[in-house]
Amino acid sequence: MNRVRLLAISGARHIPDSSLLLGRVKRFLWAAILAASPPISATGQGHEGHMMVHAEQPGEAAVWRMPPMDMSMPMLPGLESALPPVGPFLPGAGVDVSEIPEARPGEQVQLDDGDTLNVVVSLVRRHIAGHHMVMYGYNGQYPGPLIKANRGSTVYVNVENRIVLPTTVHWHGIRLDNAFDGVPGVTQAPINTGEAFLYEIKVRDSGIYWYHPHMREDIQQDLGLYGNLLVADPDPNHYGPANREEVLILDDLLVDAAGPLPWGDEAPTHALMGRFGNVMLVNGMTDFGIEVDRGEIVRYYVTNVANTRTFNLTFRNARAKIVASDVSRFEKEQWVSNIPIAPAERYVVDVIYDEPGEYATTNSVQAINHFRGTFYSSVDTLWTVNVSAEPAAASYRETFDVLRSFDEVTADIGTFADHFQRPPDHTLELTVKVEDLPLPIVLAMEIDTLYVPPMEWNDAMPMMNWLSTGKQVTWILRDTDTGKENGEIGWSFEQGDVAKIRIFNNPRSFHPMHHPIHIHGQRYLVLSIDGVATKNRVWKDTAIVPVGSTVDLLVDMSNPGEWMLHCHIAEHLHSGMMFGFTVRPGELDGDQASFWN
Amino acid sequence: MVDPDPPAYYRIPLVPTGRVPGTARTVAFGDVLFASSPFGVAVTADGNYSYELQLTVERSGYKGPGHFVGWLATSDLKQVKWLGPLGDDNSLSSTVEWNKFLVIVTLEESDQPANRWQGPVVFRGLSRSGLMHTMAGHGPFSREPCATFGY
């Protein structure tokens, strides 16, 4: 637990913007900045200090380049030469690129009970959006191997680290034994270069899960270290019939003309909003597509592994129904036109393609231009489906047209009903502190936060965001009962407890933002949002808390050990937004006891 | 500090115009909540937020003929949506699928659907996103002329 506490930056000071004296000081400083600054124009920009023309070659040492942005937006005066106060990092510096293997598409691996998969973490060469770049890969693949296992089995994965950064693997959403949760300093020591760690993974729940590093995932995950674990249910009717299944991983990558933007070495850049990419990836590709026959039902298992981007996945002109999410099926299937999916969330969705032609699945959002103060439509095609005129070999249309109810899910959730209405056991407030941010950013934020949107769908302030690092920004989970923050919070439960946790995302903080809250090793229900009960429940391990909202979670504290609760925006996690809690072993009743044996 | 009144995501104050007798001191507001959704946040296929809006008029002193009718409009008034007449309890529930919108209550002779209001505006309010404004001409961008950016 010490490691967790160390990761939280202590001593950060909130900037008291209500202080009259400080306001005078700010105005004086601001007048000085303006007087010293040349006139700014939308076309002049004044980015002399930002190395925008520097073209690195793969393997070269990194230098800072400012992120790509809308150049019609005027530069904040005073930031013309500003750089993040951390060093730049790119993988593979000093390595002969010709000796790095070309990555290959991810492969499927079926693991039966007792089987072991060897996974090597290494440098790979990738070709994305016209750029050759050095990235990371699990077994040289993008994404990492799709591991298939049967519910109730125990599989083993031996992870060997051949990159310079220490790493671990977290098995996201799996209610496995605590020793294999992959949290450095809590459940294991980091896997240093040349070392290996054997993970024992008992898969107790069917569904779609994923794995990723739990050390500097803002770097390692962004560079390609992620993969899925698909757990099959023994019931062949667990899901309805489908013609095919596609396991898709959504991601984005921030690149400019010279390749990927460097990451911060000792702390993340983009600490305010997280690192949005400008290239969309599906299974590591920019042009993912499939071909199906008319009337086919495609079951998608979708995982969002982006550092910060929440996608609004839109199935244009195709009928879709949501079936399952992180740790279970929904109580009942439901027609949907789109799926907002935050980092680390998963959804299982069945889609029917009735007519021949090309179908685009898009990320369709109303982005914000903070400078102009406007919303605008932003649409990116994520993948395409070409539907032939040939009818599908097997038609499941009649089954698809019926929305199934999953009584066993409702019954399971119903056993927790006594807890739905009672007061919360703990209340968390989500907020942020900053110190030593450049003054122009502080001043701009004061104006910008006159209105705070529930969600940030795009990086509307790429320059300010880039310059904010984990050294200046501390994202905070505050226990409102004790006043303790992040690593100081020491919740303790007994196995079998049911904990009601209320989370309030304070819209009056310096820079409010939504947070996808992840709880390790357990499952939870989203009981209500802003006091309104959710209607079609599903067991989750990650869920969005919008800005200004109050979300009640009901956590089934069934898995003993030392676990984490954190924001799954990678830059927020590494800017302090996490804490550990304990679930002590306890007495379980018959069904529970057999489940955990 | 936990929000002491969590049921509403936020509340839009509806300000009287004073054009209708007996309404100048009336309290009116719109409570905004996310619409029901299987996801953590309710958005439409094109990315607009999907809200439930509950209009309430309290202590109205108006005793004359006609109906208080609720409307939504985009801030440029190019799109207008009829919500319907307020009920006997002087409230009305509806959905909103715009990110920035005006809430308007008018006094109408008819309680039937219409494309535009005919009667006087009694109350009006603005979604919280209406506070979003260009930075041109303000704070760090005080040297930027608004006109350059179309304002």
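The values are calculated or read from the model by the stated rules, or taken from the named source; none is laboratory data. None of the values given here were measured: they were computed from a predicted structure. Quick reminder, even Gly has a Cβ in these numbers, built from the backbone with ideal geometry, and neighbours come from all protein chains shown. Each accessible area value is taken on the protein alone, full model and side chains, heavy atoms only, with ligands, DNA and RNA left out. Shrake-Rupley method; radii C 1.70, N 1.55, O 1.52, S 1.80 Å.
The single condition among (1) over 30 Å from A:Glu562 (Cα atoms); (2) part of a strand (DSSP E or B) that A:Ala82 does not satisfy is (2). Inside region A:337-385, residues that are at the interface with chain B (Cβ under 9 Å from one of its Cβ atoms) and farther than 30 Å from A:Met71 by Cβ make up a count of 6. So is B:Pro16 open to solvent by less than 40 Å² (accessible area, probe 1.4 Å) and free of Cβ contacts under 8 Å to residues at least 12 places away in the same chain or not? For B:Pro16, the condition - open to solvent by less than 40 Å² (accessible area, probe 1.4 Å) and free of Cβ contacts under 8 Å to residues at least 12 places away in the same chain - is not met. Sub-6 Å Cβ pairs linking a first residue in region A:248-262 that is free of Cβ contacts under 8 Å to residues at least 60 places away in the same chain and closer than 25 Å to A:Thr384 by Cα to a second residue that is open to solvent by 10 Å² or more (accessible area, probe 1.4 Å) and charged (D, E, K, R), at least 6 apart or interchain, are A:Asp252/A:Arg309, ordered by first then second residue.
Only one entry in A:Gly521, A:Gly490 is away from chain B (no Cβ under 11 Å) and in contact with a helix residue (DSSP H, G or I) (Cβ under 9 Å, 6 or more places away or on another chain), namely A:Gly521. Given the structure, is A:Val247 part of a strand (DSSP E or B) and hydrophobic (A, V, I, L, M, F, W, C)? Yes: the conditions hold for A:Val247. Residue selection: A:His566 fails the criterion of being within 29 Å of B:Ser50 (Cα to Cα) and assigned to a helix (DSSP H, G or I). Looking only at region B:21-42, residues that are open to solvent by less than 10 Å² (accessible area, probe 1.4 Å), within 10 Å of chain A (Cβ to nearest Cβ) and either hydroxyl-bearing (Ser, Thr, Tyr) or not in a loop (DSSP other than H, G, I, E, B) (or both) come to 1 in all. Filtering region A:493-511 to residues that are within 14 Å of chain B (Cβ to nearest Cβ) and assigned to a loop (DSSP other than H, G, I, E, B) leaves A:Asn506, A:Pro507, A:Arg508, A:Ser509. Contact annotation: residue pairs with Cβ atoms under 7 Å, 6 or more positions apart or on different chains, pairing a residue in region A:401-415 that is of a type in the set (Phe, Trp, Tyr) with a partner that is open to solvent by 60 Å² or more (accessible area, probe 1.4 Å) and at pLDDT 95 or above, are A:Phe406/A:Lys332. Residue check: is A:Thr427 out of contact with any Lys or Arg (no Cβ under 6 Å at 6 or more places or on another chain) and of a type in the set (Val, Ile, Thr)? No, not satisfied.
Taking the criterion of being within 14 Å of B:Gly30 (Cα to Cα) and open to solvent by less than 40 Å² (accessible area, probe 1.4 Å), the residues of region B:74-101 that qualify are B:Leu83, B:Leu86, B:Ser91, B:Leu92, B:Ser94, B:Val96, B:Phe101. Within region B:83-93, can one find any residue that is at positive phi, away from every other protein chain (no Cβ under 14 Å) and assigned to a strand (DSSP E or B)? Checked against the condition, which is being at positive phi, away from every other protein chain (no Cβ under 14 Å) and assigned to a strand (DSSP E or B), region B:83-93 yields at least one hit. Of all residues in region A:452-480, those that are modelled with pLDDT of 95 or more have Cβ atoms under 6 Å from Cβ atoms of residues that are part of a strand (DSSP E or B) and open to solvent by 10 Å² or more (accessible area, probe 1.4 Å), 6 or more apart or on another chain, in A:Thr474/A:Lys433; A:Ile476/A:Thr431; A:Ile476/A:Glu485; A:Arg478/A:Glu485; A:Thr480/A:Thr427.
One residue stands out in region A:427-451 among those that are of a type in the set (D, E, K, R) and either within 18 Å of A:Gly274 (Cβ to Cβ) or assigned by TED's automatic domain parsing to the domain that holds A:His370 (or both): the one that is modelled with the highest pLDDT, namely A:Lys433. Which members of region A:116-156 meet the condition of being touching a helix residue (DSSP H, G or I) at 6+ places or on another chain (Cβ under 9 Å) and of a type in the set (Val, Ile, Thr)? If the condition is that a residue be touching a helix residue (DSSP H, G or I) at 6+ places or on another chain (Cβ under 9 Å) and of a type in the set (Val, Ile, Thr), then A:Val121, A:Val134 are the ones that fit.
Kindly evaluate B:Arg128 against the criterion of being within 14 Å of B:Tyr51 (Cβ to Cβ) and either in contact with a Cys (Cβ under 7 Å, 6 or more places away or on another chain) or open to solvent by 40 Å² or more (accessible area, probe 1.4 Å) (or both). So B:Arg128 fits the description; yes. Scanning region A:379-398 for residues that are surrounded by 14 or more Cβ atoms within 10 Å (Cβ to Cβ) and assigned to a strand (DSSP E or B) returns A:Val379, A:Asp380, A:Thr381, A:Leu382, A:Trp383, A:Thr384, A:Val385, A:Val387, A:Ser388.
Of all residues in region A:284-318, those being polar (S, T, N, Q) and more than 27 Å from A:Gln141 (Cβ to Cβ) number 3.
Name the single residue that is nearest to the other protein chains (Cβ to nearest Cβ) among those in region A:569-586 being part of a loop (DSSP other than H, G, I, E, B) and open to solvent by 10 Å² or more (accessible area, probe 1.4 Å). Among residues in region A:569-586 that are part of a loop (DSSP other than H, G, I, E, B) and open to solvent by 10 Å² or more (accessible area, probe 1.4 Å), the one nearest to the other protein chains (Cβ to nearest Cβ) is A:His574.
Against the conditions (1) modelled with pLDDT of 95 or more; (2) open to solvent by 50 Å² or more (accessible area, probe 1.4 Å), A:Ser98 satisfies every one except (1).
So for region B:135-147 (the condition being among the aromatic types (Phe, Trp, Tyr), crowded, with 16+ Cβ neighbours inside 10 Å and away from chain A (no Cβ under 13 Å)), does at least one residue qualify? Within region B:135-147 (the criterion being among the aromatic types (Phe, Trp, Tyr), crowded, with 16+ Cβ neighbours inside 10 Å and away from chain A (no Cβ under 13 Å)), the answer is no, since none of the residues qualifies.
Being not small (Gly, Ala, Ser) and not in a strand (DSSP E or B) is the requirement here; does A:Phe371 meet it? In short, yes. If you go through region B:96-134 and keep only what is away from chain A (no Cβ under 14 Å) and either closer than 13 Å to B:Val15 by Cα or among the aromatic types (Phe, Trp, Tyr) (or both), you end up with B:Leu102, B:Val103, B:Ile104, B:Val105, B:Thr106, B:Trp117, B:Val121, B:Val122, B:Phe123, B:Arg124, B:Gly125. Count of region A:507-527 residues, restricted to those that are within 23 Å of A:Gln495 (Cβ to Cβ) and open to solvent by 10 Å² or more (accessible area, probe 1.4 Å), is 2. All of A:Asp541, A:Asp530, A:Asp481, A:Asp556 fail the test of being over 20 Å from the mean Cα position of the chain (by Cα), within 14 Å of chain B (Cβ to nearest Cβ) and open to solvent by less than 10 Å² (accessible area, probe 1.4 Å), apart from A:Asp530. Would you call A:Gln334 facing chain B (nearest Cβ under 8 Å), in a strand (DSSP E or B) and surrounded by fewer than 18 Cβ atoms within 10 Å (Cβ to Cβ)? Judged against the criteria, A:Gln334 is a match.
The number of residues in region B:43-73 that are open to solvent by less than 40 Å² (accessible area, probe 1.4 Å), part of a loop (DSSP other than H, G, I, E, B) and within 8 Å of chain A (Cβ to nearest Cβ) comes to 4. Here A:Leu198 does not fit the description of being open to solvent by 20 Å² or more (accessible area, probe 1.4 Å) and out of contact with any strand residue (DSSP E or B) (no Cβ under 7 Å at 6 or more places or on another chain).
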